[in-house]
């Protein structure tokens with residue numbers, strides 16, 4: 001009698017789907033939350049890349065007198081470019097584009113100069129021996145969606161840079 005009970009127990013197929021679902025559910029949940037986190041990471045990376053492009057575009061349209069080759073940028077240009085990059089506005093203050101982007105010093109503004117070769121240029125570069133190029137770069141700490149649950153990553157940074165020739169418009 002006990003032998004037939006065990007045979008019937010192992011031969012029974014009822015609740016097999018529930019058992020399989022119980023085994024698969026943790027993997028599905030991990031996959032779901034990992035895809036949320038990956039989406040947040042790529043969105044944050046895009047925000048930083050767009051912000052750096054905006055900062056380089058702003059700095060490249062400043063007057064040529066704000067830049068001195070071989071590598072000096074006026075402090076006013078640096079401050080305003082940092083503000084544009086971090087908050088999207090020229091004035092100090094404002095809301096950061098990302099929640100973890102609290103320090104303006106995470107944005108650096110540097111200048112490089114390319115020598116003009118071969119002739120006399122007209123237009124905005126007339127009489128200049130080199131063309132100034134401004135580079136804006138940012139290193140922003142990444143904020144996970146699940147920071148409140150204890151999944152913090154203090155070593156993961158979002159890094160982006162953009163370079164533009166100063167047009168002096």
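Condition check: farther than 24 Å from residue 147 by Cβ, surrounded by fewer than 18 Cβ atoms within 10 Å (Cβ to Cβ) and touching a residue at least 60 places away in the same chain (Cβ under 8 Å). Does residue 53 satisfy that?
The answer is yes for residue 53.
Give just the number: which of (1) within 30 Å of residue 159 (Cα to Cα); (2) free of Cβ contacts under 8 Å to residues at least 24 places away in the same chain does residue 78 not satisfy?
Exception for residue 78: condition (2).
Return the only residue of 88, 93, 39 being surrounded by 10 or more Cβ atoms within 10 Å (Cβ to Cβ) and at positive phi.
The unique qualifying residue is 88.
A short reminder: the numbers here are calculations on the coordinates, not readings from a lab. Remember, predicted model here, so these are calculated numbers, not experimental data. Note that each Cβ is placed from the backbone with ideal geometry, even for glycine, and that neighbours are counted across all protein chains shown.
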